[in-house]
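Trainee: Before we start, here is the structure in question, set down as structure tokens.
The values are calculated or read from the model by the stated rules, or taken from the named source; none is laboratory data. The structure displayed is predicted, hence computed values, not measured ones. Using ideal geometry, Cβ is built from the backbone for each residue, glycine included, and neighbour counts are taken over all protein chains shown. Side chains are part of the model used for accessible areas, which takes the heavy atoms of the whole protein and leaves out ligands, DNA and RNA. Shrake-Rupley method; radii C 1.70, N 1.55, O 1.52, S 1.80 Å.
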Amino acid sequence: MKIDLKCHTAVITGGTSGIGLATAGLFLEAGANVAICGRDQTRLDDATATLTAAHSDANLLAASCDVLDKDSVANFVEKTVERFSGVDTLVNNAGQARVSNYEDTSEEAWREELNLKFFSVLYPSKSFQPHLENSNKAAIACTSSLIARQPESHVVATSAARAGQLSLIHSMARELAPKKIRVNSILVGVIESAQWMRWYKALPDGQPPYNDWLKEQAVAKGIPLGRFGKPKEAATALFFLGTPLSSYTTGSTIDLSGGLSRHVG
Ligand code: NDP
């Protein structure tokens, strides 16, 4: 099946790396206008080079924006609408995990994590909402995590914050349905990305090569499919949820955990 997204605009927060960058590539491939954001200018430049090597730069806006800064998000909305007129899809993807357990998570770290997981969805969603309301194919697709439903003690604050975030996303789906804005999420297990590369680089010397280390991690985690997911695999699910391909789906999740999910329903 092929979908033509000419005259469609997709916004992807955290679109400069990993899952977000792969999602931007899929929307561009389908003919959409794409606006990506991130905080780091070098990553923005690298992402622009990667995406424009394969697609027209006329369809791409890469803007610096911190999704936790309301004014910065307002500025990103303004730039996007000025460039592309409207917005049809918002992908709330920006973020990262915090490795810490119950004993060693400081009060400040708890606040930071809750702030990140709630406001990375709230600020972009609320700020882009007036434009999504003007679209006849409006969708918000969020990158969430399996730990929202299946907490892990080594990422205690991220697990708790993801659970609250998922509740928020489901409430948004109910409340925005009458406005014809669909809201869904993907529940990611482990996906190869810059985040994992950063953790690998922080390890003491003497580790196996990166790809071998990833394989060891997949085995240690007991992933039934035996490997990490690829950014494009998560991106494909976000693309489905962010386009009319999923026009009758809202308040739903797609599992991207390679079988790691143990809960029923
Ligand atoms: P990457 O580190 O590759 O990408 C993260 C992206 O988010 C970057 O573009 C980064 O750019 C951006 N970002 C982070 N914080 C902000 C911010 N405050 N404002 C704007 N942009 C921001 O990681 P992934 O692709 O793995 O992560 C994508 C999402 O998937 C994240 O929410 C992550 O928590 C989630 N996830 C990933 C898992 C995995 O195994 N990979 C597992 C579970 C969830 P910059 O830093 O320059 O701002």
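Trainee: Of the conditions (1) among the polar types (S, T, N, Q); (2) assigned to a helix (DSSP H, G or I); (3) more than 14 Å from the ligand (Cβ to nearest atom), Q195 satisfies every one except a single condition; which number is it?
Mentor: The one condition Q195 does not meet is (3).
Trainee: Residues in the range 211-251 that are open to solvent by less than 40 Å² (accessible area, probe 1.4 Å), assigned to a helix (DSSP H, G or I) and closer than 22 Å to S17 by Cβ: how many?
Mentor: 11
Trainee: For the range 30-45, what are the residues that are more than 12 Å from the ligand (Cβ to nearest atom) and over 15 Å from N93 (Cα atoms)?
Mentor: A30, G31, A32, N33 - these are the residues of the range 30-45 that are more than 12 Å from the ligand (Cβ to nearest atom) and over 15 Å from N93 (Cα atoms).
Trainee: Could I ask something else about it? Q150 - would you say it is within 15 Å of the ligand (Cβ to nearest atom), modelled with pLDDT of 95 or more and farther than 30 Å from V77 by Cα?
Mentor: yes
Trainee: Search the range 1-27 for residues that are over 11 Å from G38 (Cβ atoms) and pair each with any residue that is acidic (D, E) and outside any strand (DSSP E or B) when their beta-carbon atoms are under 7 Å apart and the residues are at least 6 apart or on different chains.
Mentor: Qualifying pairs under 7 Å: H8/D88; T9/D88; A10/D88.
Trainee: Further, regarding this structure: Out of all the residues in the range 5-20, is one or more in contact with a helix residue (DSSP H, G or I) (Cβ under 6 Å, 6 or more places away or on another chain), of a type in the set (A, V, I, L, M), within 16 Å of the ligand (Cβ to nearest atom) and part of a helix (DSSP H, G or I)?
Mentor: Yes, there is a match, as at least one residue in the range 5-20 is in contact with a helix residue (DSSP H, G or I) (Cβ under 6 Å, 6 or more places away or on another chain), of a type in the set (A, V, I, L, M), within 16 Å of the ligand (Cβ to nearest atom) and part of a helix (DSSP H, G or I).
Trainee: Something else: Please enumerate the residues belonging to the range 160-176 that are over 27 Å from A32 (Cβ atoms) and buried (at least 23 other Cβ atoms within 10 Å of the Cβ).
Mentor: A161, R162
Trainee: For the range 32-142, which fully contained strands (runs of 3 or more DSSP E) count at least 2 residues that are surrounded by fewer than 24 Cβ atoms within 10 Å (Cβ to Cβ) and not β-branched (V, I, T)?
Mentor: 60-64
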